[in-house]
1. If only one of Arg316, Arg330 is modelled with pLDDT of 90 or more and surrounded by fewer than 20 Cβ atoms within 10 Å (Cβ to Cβ), which one is it?
2. Name, by its number, the condition in (1) modelled with pLDDT of 90 or more; (2) over 16 Å from Val595 (Cα atoms); (3) surrounded by 20 or more Cβ atoms within 10 Å (Cβ to Cβ) that does not hold for Glu493.
3. Being at pLDDT 95 or above and either β-branched (Val, Ile, Thr) or assigned by TED's automatic domain parsing to the domain that holds Trp327 (or both) is true for just one of Ala503, Ala499, Ala411. Which residue is that?
4. Any residue in segment 632-658 that is on the phi > 0 side of the Ramachandran plot sitting within a Cβ distance under 8 Å of a residue that is small (Gly, Ala, Ser) and surrounded by fewer than 21 Cβ atoms within 10 Å (Cβ to Cβ)? List the pairs, counting only those 6 or more apart or interchain.
5. Tell me, which residue of segment 634-653 that is at pLDDT 80 or above and touching a helix residue (DSSP H, G or I) at 6+ places or on another chain (Cβ under 8 Å) is farthest from Val325 (Cα to Cα)?
6. Among the residues of segment 606-613, is there at least one that is of a type in the set (A, V, I, L, M), buried (at least 24 other Cβ atoms within 10 Å of the Cβ) and in contact with a strand residue (DSSP E or B) (Cβ under 6 Å, 6 or more places away or on another chain)?
7. Does segment 139-148 hold any residues that are surrounded by fewer than 14 Cβ atoms within 10 Å (Cβ to Cβ) and over 20 Å from Ser82 (Cβ atoms), and which are they?
Amino acid sequence: MGHFDPNDPSIKREIVHLILQYLQDEGYTASFLTMQDESNVKLAEQQTQRSLFKRMRKAILEGDWPEFDKLCGKMSFQQQKSFQYSAYREQFIELIEAHEYQKAFTHLTKRLKPLERSAASAGDFKNLCYLLTCRSVHEVLPHWQGVSAAREALLAQFATMMDLEERQQEGEVVLPASRLVTLLEQAAAYQVSHSATAFGGALATAAAPTDTAPTVSVPDAAGAVIYGIGACGTAPLAVGSAGSAEPASTGGRIGTTGGIGDLGDLGSAAARMPSKAPSWAPPKSSRPPPGQQTVTSLLADYAAPCLPNAVHRTLRGHAAGLKTVAWLGRTGLLLSGGNDPAVCLWETRTGTCISRLEGHAARVWQLAVGRTDGHVASASADGTIKLWRCIEAAEAEAAAADDGVATVDFAGARSGAPEDPSGGVGGVGIGVVVEDPPPAFGPVGTLTGHQGDVYSVCFHPVDDQLVSCGYDKSVRLFDTAVGTEVRAFLGHELPVRQAVYNATGNLIVSGGKDATLFFWDERSALCVRKLRHSLGEVTSVQLSNCGMQLLVSSKDNAARLWDVRAARPLRAYKGHLNTCKNFVRARFGPGRDSVMSGSEDGSVCLWSLASAELLHRLRGHTDVVYDAVWNPSLGLLASCSQDGTVRTWRHDPCQPLTPTDAQAEMW
């Protein structure tokens, strides 16, 4: 496996040369001259170091120890004291070999004693002291090979410590034309090839999971796979031993002993991606060939544009209809909750339920995952918010190795846990319970304070806090570290359906049955803006990453994008059904340039964010779809329905997008 060390001095110099070449080619003359002057100064400093190295080499080989002392005063390098001790040690041994014991004793006390702690071994200084009583060096140091050999070894040690290797190359560095641009093109090609969404559809197509089986097992592949864009949208590329990428044969063998049918899931393939970029030559034309993806930015990793259009897995295990689904971070783990009080944790690679988190006494309305993937919150009709611990198997094994871990457990977090009568704000009692070992999946705490159903929960993007809302018309802020309510936000006239943070966590937006949007200051709990949404009850809200746009779903068969600054709707997304259900949610979709929403007709609709055009309708559920969430790292969309199933959807480039007869309407 190759390794790139950006701290290697030679690599740093080459980066400087690449930048200088680019500046010169693009006509940035002033910048080129300025950087060239700075780099020439650095090269001059390195040349001085090399000159001192040559003088040091001569002084050591000739035994010119006074010159050695002068040069040590001019040079500074790591482990300098250790090297000085080694040099003074050699000088002392040579004095003993020449039977100049008085000079050796003076040298020992003046030079070596102050550096005793820098000796290579603990007893080395004592052995040197013992040499003063010996007639020969070999009585104590039998492996000493004489003056010349010892000086050569000392010089080799110095060269290693200085990290200066005399280079045989002289003259100017010769760079291929436009070398920096070529390297960036190769990096872009690598990202396109290995984008999870670029090859996820073909990979899942090859696995061909059944749509009806409750549990699907997919074997792991023996090698890595990458996908480029081919005739049908994707084509497999074979990665050779030299890292070159070329189209695979018709048989579909991708550097493995098995065929396409033997390939594992998307997550496994991504984990086995080769670390070396494929050899790739950019086309001579400035325009990309047909079908090739275009990278428009170097500031973020590339993600292939695609929309899910085919079923990947159907997950069955709940006893009743589902209301919410959430990805556990960027992993292949998925959480779901609904009318049965259990929260199910799914492994989407195999379609199996690996854990059931039980503790609620009524249906689960919404799930939220914290900034650390192992923390989950669930909002329930029993009036509580439960905090869960969901760590992966590797973390569970590490936790199980501990003798015991002291954790804070809130009252009611586990069955049989004693309540603290002192309580806290919102009626939360706190007690310290020692777990041995902590469970991989299980409850951490319970937050109370709402009077009635809790409809929504959202973690703070930075702090250990979460915001919730519910039937009691309130929005409440909780401190998850200690389990107490911090403050309440009051102003809604009817139940509040959802409350979310902006990206920085200083603003909370809530919407509810009163068809009103509230913007709250997180610290003061004051309403800083109120928007009347007169076209229907609000069923969901979501802010864009920049915080300038707000996606609002309402019970009038539409989701609307609002300009937060101008306080006006920009466009409406229509084509789905949402007239009687209270929790059909809309979210920003794949690539953040699309919008998706559930529907009462059992479909998931996807629109273009910019044009509001209905791009595709995912059909498969047999009852109301309440929620759909996108996982960009896996290229999968997950949806949950009143039919009691969770479905994951992938992109199949060989299937067309079918918006059917629905049309979007612009404002």
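1. On the way: Arg330 fails: modelled with pLDDT of 90 or more.
Among Arg316, Arg330, only Arg316 is modelled with pLDDT of 90 or more and surrounded by fewer than 20 Cβ atoms within 10 Å (Cβ to Cβ).
2. Failing condition for Glu493: (3).
3. Every option except Ala499 fails the conditions.
4. From segment 632-658, the pairs are Gly644/Ala319; Gly644/Ala320; Gly644/Gly321.
5. Initially, segment 634-653 is screened for residues at pLDDT 80 or above, giving 634-652.
Okay, now just the ones that are also touching a helix residue (DSSP H, G or I) at 6+ places or on another chain (Cβ under 8 Å), so 634-637, 650-652.
On the way: Leu634: 16, Gly635: 16, Leu636: 13, Leu637: 10, Arg650: 16, His651: 19, Asp652: 23 Å.
Here the residue is Asp652.
6. Kept after step one, since they are of a type in the set (A, V, I, L, M), are these residues of segment 606-613: 606, 609-610, 612.
Subsequent filtering for residues that are buried (at least 24 other Cβ atoms within 10 Å of the Cβ) retains 606.
In the following step, the residues that additionally are in contact with a strand residue (DSSP E or B) (Cβ under 6 Å, 6 or more places away or on another chain) were identified as 606.
Yes; the residues of segment 606-613 include at least one that is of a type in the set (A, V, I, L, M), buried (at least 24 other Cβ atoms within 10 Å of the Cβ) and in contact with a strand residue (DSSP E or B) (Cβ under 6 Å, 6 or more places away or on another chain).
7. Taking segment 139-148 first, the residues surrounded by fewer than 14 Cβ atoms within 10 Å (Cβ to Cβ) are 139, 142-143, 145-146, 148.
Glu139, Pro142, Gln145, Gly146, Ser148 - these are the residues of segment 139-148 that are surrounded by fewer than 14 Cβ atoms within 10 Å (Cβ to Cβ) and over 20 Å from Ser82 (Cβ atoms).
Condition check ((1) in contact with a His (Cβ under 8 Å, 6 or more places away or on another chain); (2) aliphatic (A, V, I, L, M); (3) at pLDDT 85 or above; (4) loosely packed, with under 14 Cβ neighbours inside 10 Å) across all residues:
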residue	(1), (2), (3), (4)
His17	no, no, no, no
Val41	no, yes, no, yes
Leu61	no, yes, yes, yes
Cys72	no, no, no, no
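The values are calculated or read from the model by the stated rules, or taken from the named source; none is laboratory data. What you are looking at is a predicted structure, and each value in this text was computed from that prediction instead of being measured. Using ideal geometry, Cβ is built from the backbone for each residue, glycine included, and neighbour counts are taken over all protein chains shown.
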